[in-house]
1. Tally up the residues in segment 165-195 that are in contact (Cβ under 8 Å) with a residue 12 or more places away in the chain and within 20 Å of residue 13 (Cα to Cα), please.
2. Looking for whichever is in a helix (DSSP H, G or I) and at pLDDT 80 or above here; the options are 280, 336, 315. Which one fits?
3. Collect the residues in segment 45-66 that are in a helix (DSSP H, G or I) and touching a strand residue (DSSP E or B) at 6+ places or on another chain (Cβ under 8 Å), keeping them in residue-number order.
4. When residue 51 is evaluated against the numbered criteria (1) exposed (fewer than 13 other Cβ atoms within 10 Å of the Cβ); (2) closer than 22 Å to residue 148 by Cα, which criterion, by number, is the only one it fails?
5. Residues in segment 34-48 that are under 16 Å from residue 172 (Cβ atoms) and under 50 Å from the mean Cα position of the chain (by Cα): how many?
6. Which residues, taken from segment 340-353, are modelled with pLDDT of 80 or more and part of a helix (DSSP H, G or I)?
7. Working only within segment 74-111, note down all residues that are part of a loop (DSSP other than H, G, I, E, B) and over 60 Å from the mean Cα position of the chain (by Cα).
8. Out of all the residues in segment 116-131, is one or more in contact with a helix residue (DSSP H, G or I) (Cβ under 8 Å, 6 or more places away or on another chain), surrounded by 15 or more Cβ atoms within 10 Å (Cβ to Cβ) and closer than 30 Å to residue 25 by Cα?
């Protein structure tokens with residue numbers, strides 16, 4: 001797996017994790033938002049019911065006689081309401097009224113009359129003069145039976161004499177929650193996939209040329225005899241030319257610096273010798289034999305400088321050449337033996353022995369002259 005692929009997969013993993021976390025937070029936040037909306041409506045309904053009950057309070061005593069026929073009639077009403085995808089045909093609102101001790105005096109469902117609700121948080125908090133609400137299950141093991149309750153105080157002469165609690169089954173708006181979750185998931189996943197596909201297309205469109213350039217660059221570097229005429233496609237031919245020019249430019253900068261440094265180092269010694277000999281030749285009393293000796297030194301050092309310049313020119317020509325004009329089979333044995341024979345005289349003067357160890361049939365494809373110059377420069 002290439003580094004580019006690992007980076008892409010890493011970005012893809014981070015993107016997927018980010019989208020998953022975002023959808024998790026959004027989907028998980030839907031139910032609380034619906035509960036908040038439902039609770040706000042229950043607050044108003046509880047205040048309305050508390051006001052109705054307060055109309056029948058006599059000397060601090062609650063009178064709920066009118067509530068039973070009222071809710072019997074409400075529950076018996078027939079209606080049909082299509083609320084988006086939800087079809088509603090019955091009233092699910094629940095109401096119970098407790099006295100100042102928390103005992104139920106009226107329950108719209110008829111199941112809790114006379115029960116002690118003083119421990120329930122909606123009743124106890126409301127009797128204490130603060131906002132009271134709770135969510136409880138009709139069946140403890142079944143979360144689908146959860147009911148939200150909101151309470152309001154019943155007052156008489158600014159004294160709390162009872163509590164009205166209004167409840168609504170969570171299941172009544174559960175379908176809205178499930179539909180919202182499903183739509184959010186579908187839209188979120190669809191949008192994420194669409195964006196991901198678009199990002200992949202754009203990334204491939206933008207990055208692929210760089211990959212091709214990188215691959216081609218590696219191929220160019222592995223082809224020492226690369227020729228423009230071998231490029232079949234015009235785009236790759238232009239790319240090859242551009243890379244060749246860039247490589248020549250970058251190489252040229254370093255080459256100039258190395259060239260000047262090497263040339264200065266090589267020429268410094270003979271120039272010093274020539275300068276010293278010239279200063280000594282200015283002495284009028286110098287014997288003729290010594291004068292001839294110093295003139296010979298000047299000639300020898302001048303020839304040395306000429307050899308350095310010629311060798312530098314040859315190296316320059318070799319460095320700037322990117323392809324061979326012609327190639328032919330070259331027998332390496334005879335070529336190296338000939339070069340070694342030419343170098344043995346200078347090597348012996350320096351107490352260096354030159355040996356050639358190569359298979360007799362060794363051959364290569366190349367330019368014999370350039371091979372000779374390259375090996376000779378190594379020996380020099």
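1. So the first thing to find is which residues in segment 165-195 are in contact (Cβ under 8 Å) with a residue 12 or more places away in the chain, and the list is 165-177, 179-181, 184-185, 188-189, 192.
Restricting the remaining residues to those that are within 20 Å of residue 13 (Cα to Cα) gives 185, 188-189, 192.
Qualifying residue count for the region: 4.
2. Of the residues listed, the single one that is in a helix (DSSP H, G or I) and at pLDDT 80 or above is 336.
3. Initial filter on segment 45-66 (in a helix (DSSP H, G or I)): 45-54.
45, 46, 47, 49, 50, 53, 54 - these are the residues of segment 45-66 that are in a helix (DSSP H, G or I) and touching a strand residue (DSSP E or B) at 6+ places or on another chain (Cβ under 8 Å).
4. Failing condition for residue 51: (1).
5. Of segment 34-48, the ones under 16 Å from residue 172 (Cβ atoms) are 34-42, 45.
Keeping just the survivors that are under 50 Å from the mean Cα position of the chain (by Cα) gives 34-42.
Selection size over segment 34-48: 9.
6. Passing the criteria: 340, 341.
7. Within segment 74-111, the subset part of a loop (DSSP other than H, G, I, E, B) is 77-80, 84-85, 89-93, 100-102, 108-111.
Those that are part of a loop (DSSP other than H, G, I, E, B) and over 60 Å from the mean Cα position of the chain (by Cα): 77, 100, 101, 102, 110, 111.
8. For segment 116-131, residues in contact with a helix residue (DSSP H, G or I) (Cβ under 8 Å, 6 or more places away or on another chain), surrounded by 15 or more Cβ atoms within 10 Å (Cβ to Cβ) and closer than 30 Å to residue 25 by Cα: absent.
The values are calculated or read from the model by the stated rules, or taken from the named source; none is laboratory data. This is a predicted model, so every value here is computed, not measured. We place every Cβ from the backbone using ideal geometry, glycine too, and count neighbours over all the protein chains shown.
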